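Here is the structure we will look at.
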Amino acid sequence: QDLILPNGGTPAGTSSPASSSSLLNRLQLDDDIDGETRDLFVTVDDPKKHVCTMETYITYRITTKSTRVEFDLPEYSVRRRYQDFDWLRNKLEESQPTHLIPPLPEKFVVKGVVDRFSEEFVETRRKALDKFLKRITDHPVLSFNEHFNVFLTAKDLNAYKKQGMALLSRVGESVKQVTGGYKLRSRPLEFAAIGDYLDTFALKLGTIDRIAQRIIKEEIEYLVELREYGPVYSTWSALEGELAEPLEGVSACIGHCSTALEELTDDMTEDFLPVLREYILYSDSMKSVLKKRDQVQAEYEAKLEAVALRKEDRPKVPADVEKCQDRMECFNADLKADMERWQSSKRQDFRQLLMGMADKNIQYYEKVM
Amino acid sequence: MTENNFGLKKIEISVSEAEKRTGRNAMNMQETYTAYLIETRSVEHTDGQSVLTDSLWRRYSEFELLRNYLLVYYPHVVVPPLPEKRAEFVWHKLSADNMDPDFVERRRIGLENFLLRVASHPILCRDKIFYLFLTQEGNWKETVNETGFQLKADSRLKALNATFRVKNPDKRFTELKHYSDELQSVISHLLRVRARVADRLYGVYKVHGNYGRVFSEWSAIEKEMGDGLQSAGHHMDVYASSIDDILEDEEHYADQLKEYLFYAEALRAVCRKHELMQYDLEMAAQDLASKKQQCEELATGTVRTFSLKGMTTKLFGQETPEQREARIKVLEEQINEGEQQLKSKNLEGREFVKNAWADIERFKEQKNHDLKEALISYAVMQISMCKKVGFGFGEDTVYSKL
C-alpha cells in the first residue's frame with residue numbers, strides 16, 4: 001500500500017547545515033527499521049485547560065489514523081490527561097513485562113516555582129507525551145496491545161479503567177510470582193554488558209545534563225551584562241556628532257546579540273534538556289526490566305536444580321520447568337530485540353538532537369553577524 | 001611606527017622592548033621597575049631606507065615627567081595621554097599587577113603610541129625637551145628640571161574640582177568642558193561593563209569545555225556513535241580554548257577606548273586653563289577698576305567707597321595735600337602698570353583661545369577618525385569570531401559520524 005508521507009516529496013540532497021535537521025526528519029520517516037509499511041499514525045496536540053470544582057488540569061487531543069483491522073474506524077480523536085498516560089504505561093508494564101516500555105515525562109514538578117500551566121511547561125510535556133505514543137506506535141508488539149488500542153479510541157476511558165481494576169489483582173499475583181526473590185547464578189554476558197552499558201550511559205547523560213544547565217546559567221548571566229552594555233553606546237552616541245551613527249550601530253548590534261542569545265538558551269531548555277532527561281528515565285526503566293529478566297532466569301535455574309536434586313521423573317515438574325524455560329527464553333528474545341530497536345532509535349534521536357543543537361548555535365551566530 | 005616631520009627630518013619612533021630592572025631609588029631602597037627601549041630611525045627620502053640614529057632606555061616615570069613638562073609649556077594643546085599607571089577595569093583573568101608580562105606588553109604599545117602622537121603633533125613635535133627625550137639618555141631629567149617648569153605650573157590647576165566664578169565665561173569652553181566630563185563618564189561606564197561582559201563570556205566558553213571529557217567518555221561505550229561523539233568532544237575543547245584569543249583582541253579595543261578616556265581628561269585640562277586665565281583676567285580688570293576709582297576719589301576729594309584710610313583720616317584728621325599727591329602718584333603708576341598688564345593679559349587670552357581652539361578642532365577630527373576605525377574593527381572582530389564558531393558547529397562531518 002502506498003502511503004502519503006506527511007512531509008510529502010522525496011528527501012532532497014541538500015548540504016546546507018540549516019536544513020540538515022529537516023532532512024533527517026524526512027529520512028526518519030522513510031527509514032523504517034523493520035521494513036514494514038506504516039499503518040498507524042498517532043499525534044498529541046492541542047492542550048486545553050479544564051477548570052473544575054475539585055481541580056484544574058490539562059487535556060491533550062490524541063489523533064489516531066490507522067488502516068489496521070484492530071481499529072473499527074479509520075480515524076479517532078480523543079482527549080486525555082497525564083493521569084491517563086500514566087495508567088497506560090502501568091498497564092503496558094503489567095501486560096508486557098518482557099518489553100522495554102518508553103518513559104513518560106516526570107509526573108511531579110519538583111523544582112519549586114515551576115508553573116504547571118505555563119505555556120513552556122505544557123508544550124514541553126506535550127512533546128514528550130507525543131514521543132511516548134509514537135514510540136509505542138513504532139513497536140511491533142506494543143502497538144497491538146489491547147490497552148493501547150482502548151487508550152486511543154475509547155470515548156470514556158474511566159469506565160474501562162474501572163473494569164480493568166478487577167483483573168488487576170490476578171495479574172498482580174503472577175507478576176509477584178515472577179519477581180519472588182530468586183538468586184541468579186550467572187548473568188549471560190550479553191545482558192551483563194547491557195547492564196554495564198546502561199549504568200555508564202545514564203551516568204554520562206546525567207553529567208551532560210548538569211553541564212548543559214550550567215551553560216544555560218552562565219549564558220543568562222552573560223545576557224544580563226550584555227543588556228546593560230548595549231545601551232551605554234546609545235548614551236554615548238547622544239553626546240557625539242559624527243560618531244553618533246557608528247555608536248548607535250554598535251548599540252543595535254549588541255541588542256541583536258542579546259535577543260539571539262536569549263532564543264538560544266530557550267531552545268536549549270525546551271529541546272535539548274528534555275531529551276537528555278527522557279533517556280535517563282529510559283535507562284532506569286530498562287534496568288528494572290533487566291532485573292525482571294534476571295528473576296525469570298533465576299526462577300528457571302532454581303526449578304531446574306530442584307528437579308535435578310529430586311531425580312524423579314514426574315511429568316508435572318518438567319512441564320513447570322519447561323514453562324519457566326520458555327518464559328525466560330521469550331524474555332531474552334524480546335529484550336534483545338527491544339534493545340536493538342532502542343539503540344537504533346537512540347542513535348537517531350541523539351543525532352537529531354546534537355545536529356539540532358548545532359543548527360541552533362549556527363543560527364545564533366548568523367543572527368549575531 | 002609612523003613617519004612624521006621632526007625638525008625637518010623624517011623619523012620613525014618605536015618602543016621596541018621592555019626589560020625588568022632593579023636599582024636603587026631616591027631613598028636608597030631597592031626597587032624593581034621596567035625599562036623600555038626607544039629606538040629612533042631617520043628615513044632617507046630617496047630610497048625609503050631607515051637608519052638607526054638613537055636608542056635609549058626610559059622608564060614610565062620619565063615619560064610622566066615629559067608629559068607634565070608639555071602640559072605646562074603648552075597649555076593650549078590637548079596633550080596626548082599616557083597609558084594607565086595602574087591596571088583598571090580588569091576582569092578576573094586579567095592581572096592587576098604592574099609586573100605582569102601582558103600588562104607590560106600593553107603598556108609598551110601604549111607608550112609607543114604616546115610618542116607617536118607627540119611626534120605627529122604640529123606644535124609638540126618641535127619641542128627641544130621632547131627631542132632630547134629621544135636622544136639624550138643621561139642627564140635628561142636634570143635638563144627638564146632646569147627649565148623650572150614645576151614653578152611655572154599653576155598649583156590651582158591641581159585642584160580639579162575647585163570652581164572659579166568667572167563672570168563672562170566663554171560659552172564654547174563651558175560646553176566643551178561639559179562634553180569632556182560626559183565623555184569621561186560614559187567611557188568609564190562602558191569599560192566597566194565591558195570588563196564584566198568579558199568575564200561572563202569567558203565563563204560560558206570555559207564551561208563548554210567540560211563537555212569535551214564527557215563526550216569522550218561516552219564515546220568509549222558506544223559502537224556506531226563513538227566516532228561522532230569523539231569529534232563532538234574535540235570540537236568543544238577547541239571552542240572553549242578559543243576564548244583566550246578572542247578576549248586578547250578585545251583588550252586591544254579596550255585600550256583604544258582608554259586612550260580617549262584619558263584624552264577627555266586632557267581636553268578638560270585645556271578648558272580649566274582657559275577658565276583660570278579668564279578668572280585672572282577678570283580679577284586684574286576688577287583690581288584696575290577699583291584702583292582707578294580710588295584715584296578719582298582722592299583727586300576729587302569725594303569718598304564714595306569705604307576705605308580704612310578714609311576712616312582713619314576722618315578719625316585722626318585729614319592728610320596733607322603732599323601726602324595726597326604722593327598717594328595719587330603711586331596709584332597712577334600702579335594704574336599704568338595695571339593697564340599694561342591687562343592689555344597683555346587680554347592679548348594672551350585671545351592668543352590662547354585662538355590656538356586652543358585650533359588644536360581642539362584638530363583633536364576633534366583625530367578623535368572622530370580614530371574612534372570610528374576602532375568601532376569598525378571591533379564589529380569586524382565580532383563578526384569573524386562568530387564565523388569561526390559557526391563554522392565549527394556546522395561541520396557536518398562531526399555530527400554525521402553519529
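The values are calculated or read from the model by the stated rules, or taken from the named source; none is laboratory data. Remember, it's a predicted structure, so these values are computed and weren't measured experimentally. Every residue, glycine among them, receives a Cβ derived from its backbone with ideal geometry; neighbour counts consider all protein chains shown.
Among the residues making up the range A:223-238, those that are within 7 Å of chain B (Cβ to nearest Cβ) and under 41 Å from the mean Cα position of the chain (by Cα) are A:GLU225, A:LEU226, A:GLU228, A:TYR229.
The one condition from (1) within 9 Å of chain A (Cβ to nearest Cβ); (2) modelled with pLDDT of 90 or more that B:ASP370 does not meet is (1). Close contacts from the range A:208-222, counting a first residue that is more than 7 Å from every other protein chain (Cβ to nearest Cβ) and a second that is in a helix (DSSP H, G or I) and charged (D, E, K, R), with Cβ to Cβ under 7 Å and a gap of 6+ residues or different chains, come to A:ASP209/A:ARG277. Within the span defined as the range B:269-277, one or more residues are over 30 Å from B:HIS189 (Cα atoms), modelled with pLDDT of 85 or more and surrounded by 12 or more Cβ atoms within 10 Å (Cβ to Cβ).
Filtered by the rule that a residue be surrounded by fewer than 18 Cβ atoms within 10 Å (Cβ to Cβ) and facing chain B (nearest Cβ under 7 Å), the range A:194-206 gives A:TYR197, A:THR200. Could you say which residue among A:LEU29, A:LEU5, A:LEU88 is modelled with pLDDT under 90 and either within 24 Å of A:GLU146 (Cβ to Cβ) or part of a loop (DSSP other than H, G, I, E, B) (or both)? Result of the check over A:LEU29, A:LEU5, A:LEU88: A:LEU5. Against the conditions (1) facing chain A (nearest Cβ under 9 Å); (2) within 29 Å of B:GLU84 (Cα to Cα), B:LYS223 satisfies every one except (2).
Here the range B:187-207 is the region considered, the condition is being more than 7 Å from every other protein chain (Cβ to nearest Cβ) and under 21 Å from A:ILE215 (Cα atoms), and the residue that is surrounded by the most Cβ atoms within 10 Å (Cβ to Cβ) is B:ALA198.
Apart from one condition, B:ASP127 fits all of (1) more than 19 Å from B:GLU84 (Cβ to Cβ); (2) buried (at least 19 other Cβ atoms within 10 Å of the Cβ); the exception is (2). Checking each residue in the range B:303-343 for being surrounded by 13 or more Cβ atoms within 10 Å (Cβ to Cβ), of a type in the set (Val, Ile, Thr) and at pLDDT below 80 picks out B:VAL303, B:THR313. Within the range A:42-77, can you find the residues that are surrounded by 11 or more Cβ atoms within 10 Å (Cβ to Cβ) and closer than 18 Å to A:ASN145 by Cα? A:VAL42, A:THR43, A:ILE62, A:THR63, A:THR64, A:LYS65, A:SER66, A:THR67, A:ARG68, A:GLU70, A:PHE71, A:TYR76 - these are the residues of the range A:42-77 that are surrounded by 11 or more Cβ atoms within 10 Å (Cβ to Cβ) and closer than 18 Å to A:ASN145 by Cα.
Just one of (1) within 14 Å of chain A (Cβ to nearest Cβ); (2) exposed (fewer than 15 other Cβ atoms within 10 Å of the Cβ); (3) at pLDDT 80 or above fails for B:PHE391. It is (3).
With respect to being of a type in the set (A, V, I, L, M, F, W, C) and within 14 Å of chain A (Cβ to nearest Cβ), B:VAL144 falls outside the description. Checked against (1) closer than 21 Å to B:SER188 by Cα; (2) at the interface with chain B (Cβ under 10 Å from one of its Cβ atoms); (3) at pLDDT 90 or above, A:GLY241 passes all but condition (3). Which one of A:VAL289, A:VAL296, A:VAL307 is in contact (Cβ under 8 Å) with a residue 40 or more places away in the chain and more than 22 Å from the chain's Cα centre (by Cα)? Only one candidate qualifies: A:VAL296. If the condition is being under 28 Å from A:ARG227 (Cα atoms), away from chain B (no Cβ under 14 Å) and of a type in the set (S, T, N, Q), then the range A:244-301 contributes A:THR259, A:THR269.
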